[in-house]
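Data block below; observations after.
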Amino acid sequence: MPVAPTQTLMVQLAIRLGSTAAKSLVIPRVAGGGAIESLREFHAKVTVVIVNWNGERFLERCLSALLAQTVAPHEIILVDNASSDASLDIVRRFPSVRLLAQMENLGFARGNNLAIEAAVAESEWIALLNPDAFVEPHWLEGLLSAARDYPDFDVFGSKLVNAADPAVLDGAGDAYHVSGLVWRMGHGAPVSSFSEQAREVFSPCAAAALYRRSALLEVGGFDEDYFCYVEDVDLGFRLRLAGYLCLYVPSSVAHHVGSGTTGGQHSDFAVYHGHRNLVWTYVKDMPGVLFWAFLSLHLAMNLAALVEFTLRGQGPVIFRAKRDAVLGLPKMWAKRRQVQGNRVVSWRAVLRVMEKGLR
């Protein structure tokens, strides 16, 4: 999940190089319709994965909505990261849900990898769903229809609306700025102001998304060093470098609370992991030409973050995040060699879908 960007100093330091990339990336659909019978002929088997930690107040609604889908998932796996609340009792009331209870909190990244590895072999697709995301009945049908109708894409992101006010957009895919800053597109905007056309985006928010399983396995799944936050953007970045494209699917809708079990997007926990992982993602994933071209902007963005969060009273947290990001650079640089060695697309193709201005 992306960390919420700061809105003042970072914006002032951003170089406005052009208009938003994604606005022009509307994709034509392959003729074929979207009926459920046609989907059955598509023979797509999906494992839905939920990683939970102390999400008892969300789980019953989340699982009930998932079991009311117009197209049923082949399998549902819930990884519980050593919850100390009543999560396990709630999950056990849903016998069709396969529970993988852990003895410690593995984090979002490792928890998802564990479930992906445990999924039945015949599942071609992995759908990720947060416990604080409540899907509408056609959620999975919308994703599978897109997978059938847009065969050039292997990753699909849902439309996220605010769980407290469905007229407000929570996110329409994740954006990656050339500085290394990330955000959910359309966050906080009226749903009515955003296009209902499917279009290419940089990456999906893993709160509700569909991935071709073979693609996930090819790139090694989530980076477990991230623990949580920005891990889905990093995964989407690596998938894009490996040649896999992401489509935003507005017909697939989930009502999302957002950071429901981690104290909110501006909690110390979220700020630490998000801003540490921003640095690691830039270092690991940016193609060489873009890495050096935008390094000064990346450094400026990090400096702005230090100032911004210090003014908010979170100075110790943001400085610890950046310190630990620097301490982790040797390991990330070693990973960079592997990531860039496996890259099959040009730096121009990557730049095409990056944001050059800020909201």
So which of Phe291, Phe309 is free of Cβ contacts under 8 Å to residues at least 40 places away in the same chain, of a type in the set (Phe, Trp, Tyr) and in contact with a helix residue (DSSP H, G or I) (Cβ under 9 Å, 6 or more places away or on another chain)? Phe291
Only one of (1) part of a helix (DSSP H, G or I); (2) of a type in the set (Lys, Arg); (3) in contact (Cβ under 8 Å) with a residue 60 or more places away in the chain; (4) closer than 20 Å to Tyr244 by Cβ does not apply to Lys331, and that is (4)
Candidates Ser87, Ser158, Ser96, Ser64 - the one that is farther than 25 Å from Gln197 by Cα, of a type in the set (Ser, Thr, Tyr), buried (at least 17 other Cβ atoms within 10 Å of the Cβ) and modelled with pLDDT of 95 or more: Ser87
Looking at Val182, Val178, Val161, can you tell me which residue is of a type in the set (A, V, I, L, M) and in contact with a Pro (Cβ under 8 Å, 6 or more places away or on another chain)? Val182
Mind listing whichever residues of the stretch 42-61 are under 19 Å from Ile126 (Cα atoms) and either among the aromatic types (Phe, Trp, Tyr) or at pLDDT 95 or above (or both)? Phe42, Val46, Thr47, Val48, Val49, Ile50, Val51, Asn52
Any idea which of Tyr229, Tyr244, Tyr248 is in contact with a Pro (Cβ under 8 Å, 6 or more places away or on another chain), assigned to a loop (DSSP other than H, G, I, E, B) and either aromatic (Phe, Trp, Tyr) or surrounded by fewer than 20 Cβ atoms within 10 Å (Cβ to Cβ) (or both)? Tyr229
Subset of the stretch 107-128, residues in contact with a Leu (Cβ under 7 Å, 6 or more places away or on another chain) and closer than 15 Å to Leu78 by Cβ, comes to Asn112, Leu114, Ala115, Ile116, Ala118, Ile126, Ala127
Those residues of the stretch 73-97 which are free of Cβ contacts under 8 Å to residues at least 40 places away in the same chain and in a loop (DSSP other than H, G, I, E, B) amount to Asn81, Ala82, Ser83, Ser84, Asp85, Ala86, Arg92, Arg93, Phe94, Pro95, Ser96
Apart from one, (1) crowded, with 24+ Cβ neighbours inside 10 Å; (2) in a loop (DSSP other than H, G, I, E, B) all hold for Leu235; the odd one out is (2)
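The values are calculated or read from the model by the stated rules, or taken from the named source; none is laboratory data. Being a predicted model, the structure only gives us computed values, none of them experimental. When we count neighbours, we look across all protein chains shown, and the Cβ atoms used for this are built from the backbone with ideal geometry, even at glycine.
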